[in-house]
Amino acid sequence: MAEHLWDLFLRPFTSTPDKEALVLSEGNFTYGQLGQAALSISTQLKAVGVEGPFVGLYTHRDLTTYAGMLGILHAGHGYMPLHPELPQERLAAILERSGTRAILTSREHADGAIGLAERSGSKLHVIIANAEVKGERSIEPCIQSPYAYLLFTSGSTGVPKGVPIRQSNVLAYLKEMERIAAPTATDRFTQLFEFTFDLSVHDIFLCWAAGGTLVVPSREQLLAPAAFVRANAITCWFSVPSMALLMDRMRTLKPGAMPTLRFSAFCGEPLPEDLVRKWSAAAPNSRVLNLYGPTEATIAITAHEWKSDQERGHVGIVSIGKPFPSAQGVVLNEAGVGTEEGELWLGGPQVAEGYWQAPEQTGQVFQFLPSDPSARYYRTGDRVRKDEHGNLYFLSRTDQQVKVRGHRIELEEINHVLREQGGAAFAQTVAFPITDGIALGLVAFLPLDVKDQANDLLNACRAHLPEHMVPARLIFLPDLPTNSNGKVDRKALLELLNSEQRTGSNDSKS
Amino acid sequence: MNENEVLLRLRTLLKPRLAQLGVAEKDVADTLNLTRSGVLDSFALMDLLAEAETAFGAQLDLDVLAVEDFATLRGMARSFAKALKP
């Protein structure tokens, strides 16, 4: 059995080097070419003598991104995605948090990477990848790194949290997914997720482990996903439900529109039943799988295969199913006792070791089961209901985390920026509007006295937060409504927006 | 509504999106490809198109149109004006 992600790639690299591994806007690459490019990058990294468990990867959807991931893994490190379009301020904070000593980049993004390195005080190597696809480098075994990648998620204290994922975590996931999806070398996978999303790891390594072809759409191809599927004879689809929702809205989910699909998976948001029905008609030859899992439990950890004739879901939302056989999931009430409706705790080989160098935050959510002090679990903060068959249904969050297009957002992180950087006395951000359990945008409530600083407030958000965390609207109020406990009444804020939508008025607009 | 009137209306719909992104209106030429240039991601562009469809009471078939016919303001205006013709 493979012990490293590199070993999964090594099989098709050596046995089918002429097979197409990667389709990019810039060209198509065989396993042989991609593998050679990865080895040349690995050689570069070893020559520099990079230290530390992680190497930053400052690229975007080009050959260096994919060969870079493999090269970093081969050279004995985990990769840490640094999306060039994220605010430099945030990237610098991530770099500092991670303790990373080196950034791998492509020629195209070299200036940005050097700027970032100069910005972060600590001494950083910037390595411009020399992704040579030709040559006959000898394939040395990979240097063993315990880690596969380090991803950062939104943190409620205003600082992103690092989640280090081990190779063993990913391999445990892939083993389950190989059983469920049974991918083969004839499969052609979509690669829709950004590499800052752990769901991209599913696309990339499930595909390569089977010797299949990974097809990366251009920005323009993303505008007509069904046409992209047809033109590229895609067989395996994976996206957030939001993408299917938009396809439906633009009427491109026509019956029979995607006949080549045999396996469709969704993750990251609630999956509405009506939507999945339409998807199933558009992709009549495809199985449809709903996946669920936080980054801390590696990609996805529960699965539910949707069948058109099965019992109705909960309030029109498809079940997230049961934990994988190798994983553990228990539903506990506030007293830590097993219940039908409560917080989902996850255990097993996919659960991460904790947050990167943040013992306090780790201790808050990586805990031992009250009933079994030998079993370490991750508390998801997701409230779920378990039905009589053991299928789980997502209900709500126990905290202020929301999802926008599958991106996990701690609203308090946005509030923090608005208060600390924008100078607002108070800030309350809510997800709105919400359709079928899917949040479409963010609205921030702020004091009246900063009304004329709306642009500065938004600029502060843009400088510190990724685009999907910048509020679409700012609404200025004299005070925040409070409930009987003296806490901010978020329901009242949402009701304000709902009633405005009902009457069509927009008086409070900034 | 002719093409130029449609174009003006599209600019009105785009305006709040640009404000959120911190992009100056004058930097968005009629012929700028909104996604290739990175001004809007695919979600935001499709969202704009859906809003425009409601506003104009006309529909575009993205499976059939060339990208330039809906990814630039000029192309969008042309396509909507065509769809609106009696």
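Based on Cα atoms of the stretch A:420-460, Rg over Rh with Rh as the Kirkwood radius reads 1.07. Across chain B, the convex hull enclosing all Cα atoms gives 83 Å³ per residue.
The phi-based Karplus calculation (6.51 cos²θ - 1.76 cosθ + 1.60; θ = phi - 60°) puts the 3J(HN,Hα) values of the stretch A:481-487 at x, 10, 9, 5, 8, x, 8 Hz, whole numbers, x for Gly and Pro. Take each residue of peptide B:39-48, count the partner chain Cβ atoms within 10 Å of its Cβ, and average: the result is 5. Using Cα pairs under 8 angstrom and six or more residues apart, how large is the relative contact order of the stretch A:359-411, in percent? So the answer I get is 20 percent.
What is the order of A:SER484, A:SER106, fewest Cβ neighbours within 10 Å to most? Mind showing how you got there, number by number?
Numbers: A:SER484 6, A:SER106 22.
Going from least to most buried by this count: A:SER484, A:SER106.
Shape annotation for the stretch A:401-503: C-alpha extents along the principal axes are 32, 32, 28 Å, from largest to smallest. Going from the residue with the fewest nearby Cβ atoms within 10 Å to the one with the most, A:THR429, A:THR339 rank A:THR339, A:THR429. Ordered from longest to shortest, the equivalent ellipsoid semi-axes for chain A are 35, 28, 24 Å, each the square root of 5 times a Cα gyration tensor eigenvalue. Within the stretch A:234-268, name every residue whose backbone N is under 20 Å away from a label modeled 7 Å from Cα of B:LEU65 along the Cβ vector. Only A:243-255 pass the distance filter.
Over the stretch A:115-189, the Kirkwood radius and the radius of gyration, each from Cα atoms, give a ratio Rg/Rh of 1.07. Put simply, when A:14-22, A:157-165 are sorted by average Cβ atoms within 10 angstrom per residue, most first, you get A:157-165, A:14-22.
Here the peptides A:204-213, A:348-357 are ranked by packing, the mean other Cβ count within 10 Å, and the order with the highest first is A:204-213, A:348-357.
Considering only DSSP beta bridges with both partners in the stretch A:401-503, what is the antiparallel share in %, to the nearest 5? Can you show the working numbers first?
On the way: 11 of 17 bridges.
About 65 percent, rounded to the nearest 5.
Peptide B:59-68 shows a mean partner chain C-beta count of 4 within 10 Å per residue C-beta.
Give the average, rounded to an integer, of partner chain Cβ atoms located within 10 angstrom of each Cβ in A:242-249.
Working: counts 1, 3, 0, 2, 7, 3, 0, 5.
The mean count of partner-chain Cβ atoms within 10 Å per residue comes to 3.
Percent of C-alpha pairs per 5 Å bin in the stretch A:326-397, short distances first: 3, 17, 27, 25, 19, 7, 2, 1, 0. Around the amide H of A:GLY381, modelled in the peptide plane, lie the amide H atoms of A:LEU344, all under 5 Å away and 5 or more residues distant in sequence or on another chain. Each residue of the stretch A:160-175 was assigned a 3J(HN,Hα) from its phi angle through the Karplus curve 6.51 cos²θ - 1.76 cosθ + 1.60 (θ = phi - 60°); the sequence is x, 9, x, 10, x, 10, 7, 4, 5, 4, 5, 5, 5, 5, 4, 4 Hz, with glycine and proline shown as x.
The calculated 222 nm mean residue ellipticity attributable to helices in chain A amounts to -8500 deg cm²/dmol, summing -39500 (n - 2.57) over DSSP H runs of n ≥ 4 and dividing by all residues. Dividing the Cα radius of gyration of the stretch A:1-115 by its Kirkwood radius returns 0.98 for Rg/Rh. Using only the Cα atoms of the stretch A:188-334, each taken as one equal point scatterer with no solvent, compute I(q) by the Debye sum, divide by I(0), and report log10 of the ratio at q = 0.18 Å⁻¹. Per q value, in the given order, log10 I(q)/I(0) is -1.10.
On C-alpha positions alone, give me the angle between the axis of helix A:490-503 and the longest principal axis of chain A, in degrees, nearest 10. The answer is roughly 80 degrees.
Taking the Cα atoms only, what angle lies between the long axis of helix A:110-119 and the longest principal axis of chain A, rounded to 10 degrees? Roughly 60 degrees, rounded to the nearest 10.
Each value in this text was obtained by applying a stated rule to the coordinates, not by laboratory testing. Model, not experiment: these values are computed from the prediction. Every residue, glycine among them, receives a Cβ derived from its backbone with ideal geometry; neighbour counts consider all protein chains shown.
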